[in-house]
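Colleague: Below are the structure tokens for one structure; questions will follow.
The values are calculated or read from the model by the stated rules, or taken from the named source; none is laboratory data. What you see is a predicted model; the values in this text were computed from it and never measured. Backbone-built Cβ (ideal geometry, glycine too); neighbour counts: all protein chains shown. The accessibility values were calculated without ligands, DNA or RNA, using every heavy atom of the protein model including side chains. Shrake-Rupley method; radii C 1.70, N 1.55, O 1.52, S 1.80 Å.
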Amino acid sequence: MAHLPLDRQLLNACAALLLLLSFAMLSQRRIVSLVNLLAVQGAVLATATLLLAWRTGEAHLYLSAALTLTLKVLFLPWLLHRLIRRLGVYWDTEPLLNISGTMLSGILIVVFAFGLAQPITHLASTATRDAIGIAIGVVLLAFLMMITRRKAMSQVVGFLSMENGLFFGAMSATYGMPMVVELGVALDLLVAVLVLGVFFFQIREQFDSLDLHHLERLRERS
Amino acid sequence: MKPVALIAQILEIVIALAAAPLFLGWVNQCRAWLANRRAPSALLPYQNIRKLLHKDAVLAHNASPLFRLAPYIVFGAMAVAAGIIPSLAGRLPLVAAADAIALVGLFATARVFLALAAMDVGTAFGTLGARREMMVGFLAEPALLMVIFVASLISATTALPAIAAHLASQQFVIDPSLAFTAVAFTLVLLAENARIPIDNPATHLELTMIHEAMTLEYSARHLALLEWAGALRLFNYTCIGFALFVPWGMAARDTGPPGLIAAIPVLGLKLLAAGAGLALIETLSAKLRILRAPEFLATAFLFAVLGLLVHVLLAGS
Amino acid sequence: MIELAFLLAIPAAGALALALWGAKHHAPELNSAFSLGTFIAACALTARVIREGPLVLWHEQFLIDPFNVFLVTLTAFIGLTTSLFSRPYMRVEIAHGRVTSGRLRLYHSMYQLFMLTMLIALATNNMGLLWVAMEGATLSTVLLVTLYRTPQSLEAGWKYFILCGVGIAQALFGTILLYVAAERVLGAQGVTALLWTHLNAVKSQLEPTVLSLAFVFLLVGYGTKVGLAPLHSWLPDAHAEGPTPISAVLSGLLLNVALYAVVRCKVLVEGSLHSALPARMLMGFGLLSVVLAAFLLFRQRDIKRLFAYSSIEHMGIAAFGFGLSSPVATFAALLHMTVHSLTKSAIFFAAGHAAQKAGSQLMDDIRGLITLSPTVGWGLMLGALAILGLPPFGVFASEFLLLTTAMREQPWSIPILLIALGVAFAAIFGRVQPMVFGDTQARRLPHAPALLPVFAHLAIVLMLGVYIPPYLAEWYRTAAQLIGGS
């Protein structure tokens, strides 16, 4: 293995950690732990952005890291925790696929993601382009999580994890999107979680539960 | 082969045989301390083995020759493995046979014979233990092979000494793939050696024992050999872990017995740390239901595959 | 510049104002007033474009060219007429107790917010901002779909949110890939690498593999919002369970804007790839949508679901038209987008009133609209005939153009299209006929239905069927050149 400078090693370590966190989220049954893992994922993301900012010296990356920290590590998890407490959803124990099956599908998905990332890796000119495959892997794993869960809260965590992966992909491929776009995306994310919060209350009010099993009646009609 | 090398090889096996029960005793001591109990002496396993050797063996009427031979075969396999694994030195005569895959095969041989012997007498516990052990082994083997695969991918060889030498010669890098593989290996170690969270080595409760159930019918010298083989197995696995992940401090090539003796303190230090770590993990975990064992091993496999993928992606390009 | 500022500021101000006063007695009129202001600004902007040609405004962040100028006016117009329709409609809903005052405030302010996001999405030159606006459009309508708080509406809203959310995440990935490719050629000067005008200028230099990958993600992502099969399952539920004005704007506006986004991306990708891959993908999805929707039309029991599937079908036709890629086909597709939004929203207006009269959305419960309320009955009848492609309405003109082009260029698709169109005709006509004629015992509603929107739309569609104003035709032609010709 070539001897990379320390910051690149750390960036690679951050990428590997992100992948590990995605798998951990796949196997997690406690919703509180899911949200905590999401917060840790956001923290790793902010660290990676900071490292990249320090390495490349681009000012907007510092801003981006600050934005990620406030939004994804502090504010959104706090919002989600508040929702969990008020709605009383703590467990998501009936996935559609058992843990071993989910893990194996996850591995296949990551391999597929790495293959998908090859042409992009060849094109990108950043130092971190190797991590693009990991970013796509995180996105697809979050997608798998959304598909295989019953509770609405877990699907939301999966959605936010998908956004984390996309953000990491943007960062490793192009040193982040233009600031205005990043601000827009952050705003959208915030509004999405707020809207979801309201939504959950409506669902809970109607069904007394956040199990998505109840939301399947429209399927029988055409 | 040169006589010096032969003597060094035999010396290494002897040291391993002698040190294994001590390592087991150290682990038990740490567990006792962590559980706030008075620790038994670290030499207790030796006393156990000595006590057992003095007794008369009692065998069931329907025990076949396999039943009597199995302890010797298991012990022999473990001893040979101890010779192959580079615990003290990297270049010993048995190096030609020190392919990591062959090593896995040796462990598998031991497991198979133990399981066959357990089923030989026809008791319920024996069969129960044998089935569970085979299930755990069957699931742990892919994970172990994947760990070895990643290590050999990094070092471009499956010979354990070569892997160790390659890693020892590099400067320290933060390699996430090695970290993942190390975690996977630890999980496999816990599973294969019947430690918590897969199996409680101190229990004799019918519903929960795996390894103990297989040795239930043995007594006296057979049991002594099996216990020793168990301690050797743990020692071997730990030394494999050292060779794969913490290979510094081994004797240089062609230094003969003096070099080996000089390498003992480093090995001792590593074993102390590993034993304490193992005891810590055992104390912090609870024993899993047997139904959860496949999940545990799937996690180990997952970590190993993750290590592979991360290595291929981040370092292979 | 100032027209654009007004165009965006008025809905923004409206959203804020209605968040505060949206439950007052005259709130629906206030809503219509803001929509009228937006429409006037749009007309002023259009007049400016007629005088001066395409505009690039405000540090190149906004672009008004022949492709989106008529869409901007169309959006503002349908926004106005829907707000006029929503006045009596929501008043009846309040009288029936289905909406509370808090929810009414939410409804009005989200309506204006939705208009704002649509207009931003149409007018922006920045692909990233386009994404943000599309996501904003989804978010502003999610809570509106669940306005009635029934279990079915909650399910519809959840499906809408998750499917469109995942879709939009794919579209974000596609946008990132676009940025990766663009940065290589344009350099990382921050925002300019995402501007459509710049990308269009250098599209032949963009890396083909990355762009084809990007297009797949963008098509899947934005295509979910267009309602292309197989990503359409949110559409019927969202249309059926939300209030009717929302169904009208979803069908009439959101689907159009999403298709607009897809086509903008298609122009870039085709310029880079020089192959027919994007066109063929659009054609494939379009045909699939047409066939699927046509055959699913028979199973519908709910009037709004019926017309929602009809929307899927017509969006499929438009996508097919864009996929054919010749100037005539693109012209037809653009015309189809226009007349479909007008007709479909008119149908939803009539259907909304019909459902209110009958007290139920099930078609078996709606009977005899002609005798009960001639305007609603005629409106529904004419609207259904218009959407089915009967001459001289505009839909006939666009479908005819499309079919003739397809016959020349992709003859294998003709039997599929004709069968699907025929099946749809039978299904819809067979359902609408007993609804309009037939015996009924329903009673009159407390508020008179809004007549103007329905007939205004149908009149415009009729006009477009026989006569297209010269500047509109010119825009269609130029846009067709821009999209398909080069």
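Colleague: Would you mind stating whether residue C:178 is at the interface with chain A (Cβ under 7 Å from one of its Cβ atoms), in contact (Cβ under 8 Å) with a residue 12 or more places away in the chain and either assigned to a helix (DSSP H, G or I) or closer than 25 Å to residue C:199 by Cα (or both)?
Modeller: Answer is no for this residue.
Colleague: Right, another one. Do we have residue A:85 as of a type in the set (Lys, Arg) and touching a residue at least 60 places away in the same chain (Cβ under 8 Å) here?
Modeller: On the way: of a type in the set (Lys, Arg): yes; touching a residue at least 60 places away in the same chain (Cβ under 8 Å): no.
The answer is no for residue A:85.
Colleague: Restricting the stretch B:270-301 to residues that are assigned to a helix (DSSP H, G or I) and free of Cβ contacts under 8 Å to residues at least 12 places away in the same chain, which is least open to solvent (accessible area, probe 1.4 Å)? Outline the logic, then answer.
Modeller: As a first pass, look at the stretch B:270-301 and keep what is assigned to a helix (DSSP H, G or I): B:270-284, B:290-301.
Those left that are additionally free of Cβ contacts under 8 Å to residues at least 12 places away in the same chain: B:273, B:277, B:284, B:291-292, B:295.
Values: B:273: 67, B:277: 28, B:284: 141, B:291: 122, B:292: 105, B:295: 48 Å².
Looking at residues that are assigned to a helix (DSSP H, G or I) and free of Cβ contacts under 8 Å to residues at least 12 places away in the same chain, I get B:277.
Colleague: Go through the stretch C:144-154 and count every residue that is at the interface with another protein chain (Cβ under 10 Å from one of its Cβ atoms) and either polar (S, T, N, Q) or open to solvent by 10 Å² or more (accessible area, probe 1.4 Å) (or both).
Modeller: Residues that pass the stated criteria total 6.
Colleague: Please go through the stretch C:220-257 and give me each residue that is of a type in the set (Ser, Thr, Tyr) and surrounded by fewer than 24 Cβ atoms within 10 Å (Cβ to Cβ), ordered by number.
Modeller: Going through the stretch C:220-257, the residues of a type in the set (Ser, Thr, Tyr) turn out to be C:222, C:224, C:233, C:244, C:247, C:251.
Passing the criteria: only C:233.
Colleague: Tell me yes or no: at least one residue of the stretch C:91-101 is in contact (Cβ under 8 Å) with a residue 24 or more places away in the chain, within 21 Å of residue C:248 (Cα to Cα), of a type outside the set (Asp, Glu) and not in a helix (DSSP H, G or I).
Modeller: Checked the stretch C:91-101: at least one residue is in contact (Cβ under 8 Å) with a residue 24 or more places away in the chain, within 21 Å of residue C:248 (Cα to Cα), of a type outside the set (Asp, Glu) and not in a helix (DSSP H, G or I).
Colleague: OK, next. Which residues, counting only those in the stretch B:1-53, are closer than 16 Å to residue B:257 by Cα and polar (S, T, N, Q)?
Modeller: Of everything in the stretch B:1-53, just one residue is closer than 16 Å to residue B:257 by Cα and polar (S, T, N, Q), namely B:9.
Colleague: When the residues of the stretch A:137-151 are filtered to those that are of a type in the set (A, V, I, L, M, F, W, C), at pLDDT below 90 and farther than 18 Å from residue A:100 by Cβ, which remaining residue is most open to solvent (accessible area, probe 1.4 Å)?
Modeller: So the residue we want is A:143.
Colleague: Among helices (runs of 4 or more DSSP H) lying entirely in the stretch C:356-459, which contain 1 or more residues that are closer than 21 Å to residue C:291 by Cβ and open to solvent by 50 Å² or more (accessible area, probe 1.4 Å)? I'd like the intermediate steps shown before the answer.
Modeller: Numbers: elements: C:369-372, C:374-387, C:394-409, C:413-436.
Of the helices (runs of 4 or more DSSP H) lying wholly inside the stretch C:356-459, those with at least 1 residues that are closer than 21 Å to residue C:291 by Cβ and open to solvent by 50 Å² or more (accessible area, probe 1.4 Å) span C:394-409, C:413-436.
Colleague: Next question, about the same structure. Taking residue A:107 and the conditions (1) open to solvent by less than 10 Å² (accessible area, probe 1.4 Å); (2) within 27 Å of residue C:180 (Cα to Cα), which numbered condition does it fall short on, given that it satisfies the others?
Modeller: Residue A:107 satisfies all of (1) open to solvent by less than 10 Å² (accessible area, probe 1.4 Å); (2) within 27 Å of residue C:180 (Cα to Cα) except (1).
Colleague: Which of the numbered conditions does residue B:150 fail, given that it passes all the others? Conditions: (1) crowded, with 19+ Cβ neighbours inside 10 Å; (2) over 22 Å from residue B:67 (Cα atoms); (3) under 16 Å from the mean Cα position of the chain (by Cα); (4) not aromatic (Phe, Trp, Tyr).
Modeller: Failing condition for residue B:150: (3).
Colleague: What are the residues in the stretch B:297-311 that are within 10 Å of another protein chain (Cβ to nearest Cβ) and within 13 Å of residue B:190 (Cβ to Cβ), if any?
Modeller: B:297, B:299, B:303
Colleague: Can you run down the residue pairs with Cβ atoms below 7 Å, 6 or more apart or on separate chains, where the first is in the stretch C:294-305 and facing another protein chain (nearest Cβ under 8 Å) and small (Gly, Ala, Ser) and the partner is open to solvent by 10 Å² or more (accessible area, probe 1.4 Å) and in a helix (DSSP H, G or I)?
Modeller: Partner pairs satisfying both residue conditions: none exist.
Colleague: Scan the stretch A:10-47 for residues that are open to solvent by 30 Å² or more (accessible area, probe 1.4 Å) and within 11 Å of another protein chain (Cβ to nearest Cβ) and report the count.
Modeller: Selection size over the stretch A:10-47: 5.
Colleague: Tell me which of these residue B:33 doesn't satisfy, since it passes every other one: (1) open to solvent by 50 Å² or more (accessible area, probe 1.4 Å); (2) modelled with pLDDT under 90; (3) out of contact with any helix residue (DSSP H, G or I) (no Cβ under 7 Å at 6 or more places or on another chain).
Modeller: (2)
Colleague: Now, a different point. Name the pairs whose Cβ atoms lie under 8 Å apart, with the first residue in the stretch B:171-196 and more than 17 Å from residue B:236 (Cβ to Cβ) and in contact (Cβ under 8 Å) with a residue 24 or more places away in the chain, the second not charged (D, E, K, R) and not in a helix (DSSP H, G or I), and 6 or more positions between them or separate chains?
Modeller: These pairs meet every condition: B:175/A:1; B:196/B:285; B:196/B:286.
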